[in-house]
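K.L.:
Before anything else, here's the structure in question.
The values are calculated or read from the model by the stated rules, or taken from the named source; none is laboratory data. No experiment lies behind these values; they were computed from the predicted model shown. Virtual Cβ from ideal backbone geometry, glycine too; neighbours counted across all protein chains shown.
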């Protein structure tokens, strides 16, 4: 639910482009390495791979990507 609300809040910002939304950390790593966004908004507690482990993998692959961590 938080993911959907955040997506719609950010989508209304004219200077932002949402390039992907995923449900779990594993898919997040795949999406980031494919899409190369400037910023990732990452939930700490996600299924299959938590946000901390996903962020480690993302930063190894793309060190310039900024990650904002959220916790419900």
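K.L.:
Which residues, counting only those in the stretch 13-52, are farther than 18 Å from residue 3 by Cα and either part of a loop (DSSP other than H, G, I, E, B) or touching a helix residue (DSSP H, G or I) at 6+ places or on another chain (Cβ under 6 Å) (or both)?
P.N.:
If the condition is that a residue be farther than 18 Å from residue 3 by Cα and either part of a loop (DSSP other than H, G, I, E, B) or touching a helix residue (DSSP H, G or I) at 6+ places or on another chain (Cβ under 6 Å) (or both), then 14, 15, 33, 36, 38 are the ones that fit.
K.L.:
For residues that are within 17 Å of residue 71 (Cα to Cα) and in a helix (DSSP H, G or I), scanning just the stretch 1-12, find the one that is modelled with the lowest pLDDT.
P.N.:
Ranking the candidates gives 2 first.
K.L.:
Quick check on the stretch 55-67. Is at least one of its residues at pLDDT 95 or above and under 9 Å from the mean Cα position of the chain (by Cα)? Spell out how you get there, then give the answer.
P.N.:
At the first step, the residues of the stretch 55-67 found to be at pLDDT 95 or above are 55-67.
Going one step further and asking which of them are under 9 Å from the mean Cα position of the chain (by Cα), we end up with 55, 67.
For the stretch 55-67, residues at pLDDT 95 or above and under 9 Å from the mean Cα position of the chain (by Cα): present.
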